[in-house]
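The values are calculated or read from the model by the stated rules, or taken from the named source; none is laboratory data. Since the model is a prediction, treat every value here as computed from it, not as a measurement. Every residue, glycine as well, gets a Cβ built from its backbone with ideal geometry; the counts of neighbours run over all protein chains shown.
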Amino acid sequence: MKNTLFTLILFISNLALGQQYDGLHIEKNNVDKDNSIYTFGKTFVFNFNILANNSDYFIQKNETDTFVLTENMDSLKISEIHLTVLKPKLFKRTNLRQTEVLYSYAPNPTSVSSTGIVENNINIWMHPPRNGFFKSLETCPFPYIKLDKPIGYKWSDSMRIGNHWSDKIWGEWEGRLLLKYDYEIIGKEKIDTEFGKIDCIVVNAVANSRIGQSKLTAYFSEKYGFVKLEYTLFNGIKIDLNLGQIINGSILRDGKDFFENKYK
């Protein structure tokens, strides 16, 4: 009886505090089956840049809840973000009805976080990395594209986030913060990448809230997924993520599996 009550409380809590994004189309079952980009065993390697007050910043330390930024490039410890697509064990999915992914920070990762991606023939949407300094990205629009829509297509969505995502560096608030998102497909562009020049669909997004406005410009490739993400935080700090490599590795189940078998 006690276990049943705990499970019910956990289920209700997930409904109340989980992902909103009510306009997002999510499959009811077989959520991984029709993925063509974010498939089991792939790791998407992103390089990143941080710009604040016209100065480049680097990450010296990036743990689950702590981080250290520095202007000294010689102190650089974290240079890449790795997104690995997992095949979770039965009933071990972090986000119900989402493809399981794990974020790690290279080289020599010491902390990871599991979250989800939605990929189907209607839309593609992904949680950003959210360990340490990258908790800041929870305050921005998430990478999100409606497929087979024309240039000029617009849509809106929203989400509430708790104050555990706040920080004096990018913004603080009490209680839960409502983010109202506006997305627009603004064009198509051929951009230079590590994969050569590739055609991308460009999506502009803004998130408005009581403490300010954040932004995201996302470049999406039908072959490689989101290849360039340009974030602007409430206070003007800019964070760019650029896809530099895709690794086809072993199919992993969870964080423990990752640390024991990564890239074997």
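A compact table of results
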quantity	calculated
Checklist (1) under 13 Å from the mean Cα position of the chain (by Cα); (2) modelled with pLDDT of 95 or more applied to ARG130, failing item	(2)
Of the criteria (1) closer than 15 Å to TYR105 by Cα; (2) part of a loop (DSSP other than H, G, I, E, B); (3) modelled with pLDDT of 95 or more, which one PHE44 fails	(2)
Close pairs from region 150-165: first touching a residue at least 60 places away in the same chain (Cβ under 8 Å), partner part of a loop (DSSP other than H, G, I, E, B) and among the basic types (Lys, Arg), Cβ under 9 Å, at least 6 apart	TRP155/LYS149; ARG160/ARG176; GLY162/ARG176
Answer from PRO109, PRO141, PRO88 - the residue that is in a loop (DSSP other than H, G, I, E, B) and within 23 Å of SER166 (Cα to Cα)	PRO141
Unmet requirement for GLN19, which otherwise passes all of (1) at pLDDT 90 or above; (2) surrounded by 15 or more Cβ atoms within 10 Å (Cβ to Cβ); (3) assigned to a loop (DSSP other than H, G, I, E, B); (4) not hydroxyl-bearing (Ser, Thr, Tyr)	(1)
From the options ILE145, ILE169, residue that is in contact with a helix residue (DSSP H, G or I) (Cβ under 9 Å, 6 or more places away or on another chain) and farther than 20 Å from ASP254 by Cα	ILE169
Those residues of region 227-241 which are closer than 13 Å to CYS140 by Cβ and touching a residue at least 24 places away in the same chain (Cβ under 8 Å), in sequence order	LEU229, TYR231, THR232, LEU233, PHE234, ASN235, GLY236, ILE237, LYS238, ILE239, ASP240, LEU241
Residues of region 123-154 classified as surrounded by 17 or more Cβ atoms within 10 Å (Cβ to Cβ) and over 27 Å from VAL68 (Cβ atoms), total	6
Looking only at region 233-257, and only at residues there that are touching a Lys or Arg at 6+ places or on another chain (Cβ under 8 Å), of a type in the set (S, T, N, Q) and modelled with pLDDT of 95 or more, the one that is farthest from TRP165 (Cα to Cα)	ASN248
Top-ranked residue in region 155-205 [being more than 20 Å from the chain's Cα centre (by Cα) and aliphatic (A, V, I, L, M); ranked as nearest to ILE122 (Cα to Cα)]	ILE186
Qualifying residue in region 97-115 (condition: more than 17 Å from MET159 (Cβ to Cβ), modelled with pLDDT of 95 or more and of a type in the set (Phe, Trp, Tyr))	yes
Qualifying position, being exposed (fewer than 14 other Cβ atoms within 10 Å of the Cβ) and either modelled with pLDDT of 95 or more or of a type in the set (A, V, I, L, M) (or both), among GLU260, GLU172, GLU230, GLU184	GLU172
